[in-house]
Amino acid sequence: MDLVVTGGTVHTMDRADRRAEAVAVDNGKIKAVGASEELAKLVGPETEVVHLAGRTLVPGFIDPHNHFSLTAFQPVSVDCSVPPHGSISSILEAIAAAAKDTPKGRWIWGWGFRHWQVKEDRPITRWELDEVAPDHPVCVMDKSCHACYANSAALKLAKIGRDTPNPTHGKILRSDDGNPNGSLWEAAMDPLYGLSLQAHIDYQGDQVTELLRHNAMRHLALGITSVGDALVVPEVVELYKRADERNHLPIQVHQMLGGNGFFAPPEKASTGELGDGNVSDRLRGGTVKIFMDPVFPSPALIRYHDHGREERIGERYYTQEEVDRLVLDAHSRDLQLAVHCLGTWSVEQALNAFERAQKEHPRPEPRFRIEHYSYPTLAQIRRARALDVTAVMQPPFIITRGEGAITMANDLGGDVRVYPFKTMLSEGVRIAASSDSPCAPVEPLYGLSCLVTRRPHRGGDQIVVEEAVTPLEGLRMYTANAAYAMSRDNEVGSLEVGKQADMVVLSHDPAAVDPEFIREIHIEQTYVDGK
């Protein structure tokens, strides 16, 4: 036996929620789970024995919706997030400092900006960026990843000017004279994203895959042993292949294939022209990602009026016929669908498409996914259960976006629920928890705290407290259910004999401490394949 971890609380997260005291590992797989006294008999002269001393062992955390390839470039980009910044002037100072240390002509990539959180309460303009970085193309990503802010050099390289029309599913914002002001929404940012991404890949040369390895180690330090990259464009497909060849992926990455551009329709992925993304044990695929509605200017929503009247408002990416075709193309080729839905209208479209696809091409276990699913109606929750849809949701949004979601739900009326985790569980919907990093904090224990307390980190009123869940219900969302969402439930997600020994040692048992203390629990060790 290679390893025995003993003397603590083991939450196996198997279907019976069985608890144990020890786990034995051999050749990267779990060989036994049980009492410490029983597993002590398996200890041989070469066995490594780890004494938990009362600590808690859980399966490795799985983040099935995480923009891993974006955050990998944060160390070579400019932090424009709020906080630490509080104003546009502070962010501009940071970009100016980066420009001084960057060779002329090279792209500067910023990340994390949120215009409604800065003192000025507005976006950065192209002319402000021109002033601090006149010799560099600059692209600052909005924290939502649904917009970017560019200077004149970047707009010129992307061939975006006064006469450039708005692309399908996007908008170029303009000043009074008709010229672009630097703000690009949704698909309008695709050229900037593609150019700046490829440039940064080229700048790093042979070291670019080291950025992925470094990001993986950062995730491992948080107890995360697998991630699903929520949008993989062709440039990233090639980057991941290089990293895999060099053994620079110490965690498993599940690719969700998109189009030729961040928000481009995934037509080639849906028809199988790009392959399925399955490369190796570390680099997996089989999933197609579809954006159904935008952040800017508004998600696709349904406003409910008296006497059953419904009003469809906001924006959507596709007609019902268009999304039906994309879903059926992928589904009929045994590919999984992960559909981004922020609003109730987009959820309705996704459920319609799933229902039609399953009717025309029945599959015993299609594993349909709806990403976000922030404020569905009870009828939509029940319909998702009937179609066996997994809801891939982001617990940190309870805190970071909860007040806005309450305002949204009140405006829409009807039976709209705000991050209704408890209701969805009681209705039998499978929920997988994720971060959507960098859009929200990546730490699973932070998300677990949000699920259980529904209280802001710095105090304040709880957000729809009746939708709080228990610690074990939350842990299941980050382990077994997340594994199911990534079609890995036969390999990881629970500590059971035959599964991979992906495990995390916690300083305390989340199910035994005061719920307010969960955010203080430490990750003490992370194991992948028993190492």
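Values as computed for the structure displayed
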quantity: Pairs, first among the aliphatic types (A, V, I, L, M) in the stretch 278-290, second open to solvent by 50 Å² or more (accessible area, probe 1.4 Å), C-beta under 7 Å, six or more apart; calculated: Val279/Lys241
quantity: Selection status of Ile463, aliphatic (A, V, I, L, M) and within 15 Å of Gly223 (Cβ to Cβ); calculated: no
quantity: Answer from Asp436, Asp502, Asp461 - the residue that is of a type in the set (Asp, Glu), farther than 19 Å from Ala338 by Cβ and out of contact with any Lys or Arg (no Cβ under 9 Å at 6 or more places or on another chain); calculated: Asp502
quantity: Tabulated pairs, the stretch 314-342, first of a type in the set (Val, Ile, Thr), second assigned to a helix (DSSP H, G or I), C-beta under 6 angstrom, 6+ apart or interchain; calculated: Val323/Gln349; Val323/Ala353; Val327/Ala353; Val327/Ala357; Val339/Ala350
quantity: Test: residue in the stretch 218-241 that is within 30 Å of Leu448 (Cα to Cα), open to solvent by 50 Å² or more (accessible area, probe 1.4 Å) and assigned to a helix (DSSP H, G or I); calculated: yes
quantity: Selection count where residues are open to solvent by 30 Å² or more (accessible area, probe 1.4 Å) and of a type outside the set (A, V, I, L, M, F, W, C), scope the stretch 472-506; calculated: 8
quantity: Residue list for the stretch 514-531, filter: in contact with a Ser or Thr (Cβ under 6 Å, 6 or more places away or on another chain) and either under 30 Å from Glu491 (Cβ atoms) or aromatic (Phe, Trp, Tyr) (or both); calculated: Ile518, Arg519, Ile521, His522, Glu524, Val528
quantity: Unique residue being out of contact with any helix residue (DSSP H, G or I) (no Cβ under 8 Å at 6 or more places or on another chain), crowded, with 18+ Cβ neighbours inside 10 Å and modelled with pLDDT of 95 or more when the list is Val50, Val43; calculated: Val50
quantity: Residues within the stretch 254-274 that are on the phi < 0 side of the Ramachandran plot and either part of a loop (DSSP other than H, G, I, E, B) or in contact with a Ser or Thr (Cβ under 8 Å, 6 or more places away or on another chain) (or both), tallied; calculated: 14
quantity: Matching residues, the stretch 99-113, being outside any loop (DSSP other than H, G, I, E, B) and either within 18 Å of Thr71 (Cα to Cα) or in contact with an Asp or Glu (Cβ under 8 Å, 6 or more places away or on another chain) (or both); calculated: Ala99, Ile108, Trp109, Gly110, Trp111, Gly112, Phe113
quantity: Within the stretch 407-421, tally of residues that are over 25 Å from Ala230 (Cβ atoms) and open to solvent by 10 Å² or more (accessible area, probe 1.4 Å); calculated: 6
quantity: Yes/no for Pro134 being open to solvent by 60 Å² or more (accessible area, probe 1.4 Å) and either under 25 Å from Pro265 (Cβ atoms) or among the acidic types (Asp, Glu) (or both); calculated: no
quantity: Tally, over the stretch 114-136, of residues that are in contact with a His (Cβ under 7 Å, 6 or more places away or on another chain) and closer than 20 Å to Leu70 by Cβ; calculated: 1
quantity: Residue count, the stretch 32-78 (criterion: touching a residue at least 60 places away in the same chain (Cβ under 8 Å) and assigned to a strand (DSSP E or B)); calculated: 14
quantity: Helices (runs of 4 or more DSSP H) wholly inside the stretch 376-475 containing at least 1 residues that are touching a Gly at 6+ places or on another chain (Cβ under 6 Å) and under 30 Å from Gly308 (Cα atoms); calculated: 378-386
quantity: Some residue of the stretch 96-107 being farther than 27 Å from Ile518 by Cβ, in contact (Cβ under 8 Å) with a residue 12 or more places away in the chain and basic (Lys, Arg); calculated: yes
quantity: Pairs, first open to solvent by less than 10 Å² (accessible area, probe 1.4 Å) and of a type in the set (D, E, K, R) in the stretch 350-371, second at pLDDT 95 or above and part of a loop (DSSP other than H, G, I, E, B), C-beta under 8 Å, six or more apart; calculated: Arg369/Val389
quantity: Yes/no for Thr12 being in contact with a His (Cβ under 7 Å, 6 or more places away or on another chain), in contact (Cβ under 8 Å) with a residue 24 or more places away in the chain and polar (S, T, N, Q); calculated: no
quantity: Of all residues making up the stretch 169-203, the number that are open to solvent by 50 Å² or more (accessible area, probe 1.4 Å), in contact (Cβ under 8 Å) with a residue 40 or more places away in the chain and part of a helix (DSSP H, G or I); calculated: 3
quantity: Some residue of the stretch 126-134 being β-branched (Val, Ile, Thr), modelled with pLDDT of 95 or more and touching a Leu at 6+ places or on another chain (Cβ under 6 Å); calculated: yes
quantity: Residue among Ala511, Ala483 that alone is in a helix (DSSP H, G or I) and under 30 Å from Asp2 (Cα atoms); calculated: Ala483
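Residues are listed down the side, and each one gets a yes or a no for (1) open to solvent by less than 20 Å² (accessible area, probe 1.4 Å); (2) within 21 Å of the chain's Cα centre (by Cα); (3) among the aromatic types (Phe, Trp, Tyr); (4) modelled with pLDDT of 95 or more:
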site	(1), (2), (3), (4)
Ala432	yes, yes, no, yes
Asp436	yes, yes, no, yes
Val442	yes, yes, no, yes
Leu445	yes, yes, no, yes
Arg458	no, no, no, no
Glu467	yes, no, no, yes
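The values are calculated or read from the model by the stated rules, or taken from the named source; none is laboratory data. Values in this document were obtained by computation on a predicted structure and should not be read as measured data. Cβ coordinates were reconstructed from backbone atoms using ideal geometry, including for glycine residues, and neighbour counts include every protein chain displayed. Protein only, heavy atoms only, side chains kept; ligands, DNA and RNA dropped before computing areas. Shrake-Rupley method; radii C 1.70, N 1.55, O 1.52, S 1.80 Å.
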